[in-house]
1. What single numbered condition from (1) in contact (Cβ under 8 Å) with a residue 12 or more places away in the chain; (2) farther than 24 Å from residue 121 by Cα; (3) not basic (Lys, Arg) fails to hold for residue 235?
2. Hey, any hits in segment 205-227 for a residue that's part of a helix (DSSP H, G or I), over 13 Å from the mean Cα position of the chain (by Cα), crowded, with 16+ Cβ neighbours inside 10 Å and free of Cβ contacts under 8 Å to residues at least 12 places away in the same chain?
3. Restricting to segment 174-193, name every residue that is farther than 15 Å from residue 271 by Cβ and touching a helix residue (DSSP H, G or I) at 6+ places or on another chain (Cβ under 8 Å).
4. Does residue 179 fit the bill of being under 22 Å from the mean Cα position of the chain (by Cα), surrounded by 16 or more Cβ atoms within 10 Å (Cβ to Cβ), hydrophobic (A, V, I, L, M, F, W, C) and under 26 Å from residue 41 (Cβ atoms)?
5. Go through segment 182-204 and count every residue that is buried (at least 18 other Cβ atoms within 10 Å of the Cβ) and without any contact (Cβ under 8 Å) to a residue 24 or more places away in the chain.
6. Under 7 Å between Cβ atoms, at least 6 apart or on separate chains: pull out the pairs that start in segment 144-166 with a residue that is closer than 27 Å to residue 123 by Cβ and of a type outside the set (Val, Ile, Thr) and end on any residue that is at pLDDT 85 or above and outside any helix (DSSP H, G or I).
7. Which pairs do you get when a residue that is at pLDDT 90 or above, found in segment 59-71, comes within reach of a residue that is among the hydroxyl-bearing types (Ser, Thr, Tyr) and surrounded by fewer than 24 Cβ atoms within 10 Å (Cβ to Cβ), reach meaning Cβ atoms under 8 angstrom, with the pair 6+ apart or on two chains?
8. Please find, among 286, 278, 296, 282, the residue that is within 23 Å of the chain's Cα centre (by Cα), free of Cβ contacts under 8 Å to residues at least 12 places away in the same chain and part of a helix (DSSP H, G or I).
Amino acid sequence: MKKWFGALAAITILIVLQLTVVDRLLLTGPIQEGPYIHQILILVGINIILAVSLNLINGFTGQFSIGHAGFFAVGAYASAFLVTTVGDQVHQTLSFLPSTGQDAVLLILGILAAALLSGIAGVIVGIPSLRLRGDYLAIVTLGFGEIIRVFILNINAIGGSRGFTGIPRLSNFFWVYLFVVIAVMTVQNLINSSYGRAFISIRDDEIAAEAMGVDTTRFKVMSFVISSMFAGVAGALFGHFTMYLHPNTFTFIKSFELIIMIVIGGLGSIEGSILGAVLITVILEVFRGFGPYRLVIFSITLILIMTYRPQGIMGSKSFLLKPRRVRAK
């Protein structure tokens, strides 16, 4: 019960914030640019889910995946297509519920579909590709992300190159940060378990892990699937907030942004993933006023950080993970 006490406390705080602060203060309150600040908070939460899930592969399992935007896209389009297809039927069936309850059911259905399809995509790409290592794995995952994007471009049922419109806005501050808590607590408890020790042993020395009887391919595929499922959840929340999806949102540049987040924060650190997601999202928005010099200044900032802190801001430290204790005989 102690493991989940922090999560329950965080969810309670989210409910209170949603009911008393967020909608009134950020959207209709005295803050002049409330909707803009609200949007940044939502994007920060979505990027936290993506960064924490990617760190499970790159940081804790030691694999190099740069196709995370592909799973992000699968989840976004799967949820949007399901909700726009069955939305009217669900509203009619659940007419006895208030509109907020109907929207919540729709969003949960969309998130489940997104997680399922993204997990299946993770299995499809994971089983053949995770037998590879290093640069070869990076090239395969990068190619997978681009295949997904090109595939979406040629499906007229989900908008194709025009983009997917007419998506209802179902996600908000509460739903996004609820799944932030779920993602962080899931990865934390997973890494603190025997599965997490298997992941870390693969990262530290894959040959030694195989010699000790660890099924490295099985555990690598497992981490890949869990990570892709959370990427799909983030995609569903993103699509139901922006109400519009376009394949150009999910290019390899998005995957590189996520890698920058976990490298800047610290590979193998949950807090580092959170910190990196917050910093990169906010910095990109702060530099937006510099126009064409925005990415130049952003690149210089990254170079300075990596020069003076190459292991990331947090390094591999984590306050959420239990230290390994060695008992002396």
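The values are calculated or read from the model by the stated rules, or taken from the named source; none is laboratory data. These figures come from a predicted structure and were not determined experimentally. A quick note on method: Cβ atoms are made from the backbone with ideal geometry, for glycine too, and the neighbour counts reach across all protein chains shown.
1. Going through (1) in contact (Cβ under 8 Å) with a residue 12 or more places away in the chain; (2) farther than 24 Å from residue 121 by Cα; (3) not basic (Lys, Arg) one by one, residue 235 breaks only (2).
2. Keep residues of segment 205-227 that are part of a helix (DSSP H, G or I), which gives 206-211, 216-227.
Then keep just the ones that are over 13 Å from the mean Cα position of the chain (by Cα); that gives 206-211, 216-223.
Okay, now just the ones that are also crowded, with 16+ Cβ neighbours inside 10 Å, so 206, 209, 216, 219-223.
Now drop any that are not free of Cβ contacts under 8 Å to residues at least 12 places away in the same chain, which leaves 209.
Yes: one or more hits.
3. 174, 175, 176, 177, 178, 179, 182, 186, 189, 190
4. Numbers: under 22 Å from the mean Cα position of the chain (by Cα): yes; surrounded by 16 or more Cβ atoms within 10 Å (Cβ to Cβ): yes; hydrophobic (A, V, I, L, M, F, W, C): yes; under 26 Å from residue 41 (Cβ atoms): yes.
Judged against the criteria, residue 179 is a match.
5. 2
6. 144/67; 145/67; 149/251; 159/165; 160/154; 164/244; 164/245
7. From residues that are at pLDDT 90 or above, the pairs are 69/251.
8. Details: 278 fails: free of Cβ contacts under 8 Å to residues at least 12 places away in the same chain; 296 fails: within 23 Å of the chain's Cα centre (by Cα); 282 fails: free of Cβ contacts under 8 Å to residues at least 12 places away in the same chain.
None of the others qualify; the one that does is 286.
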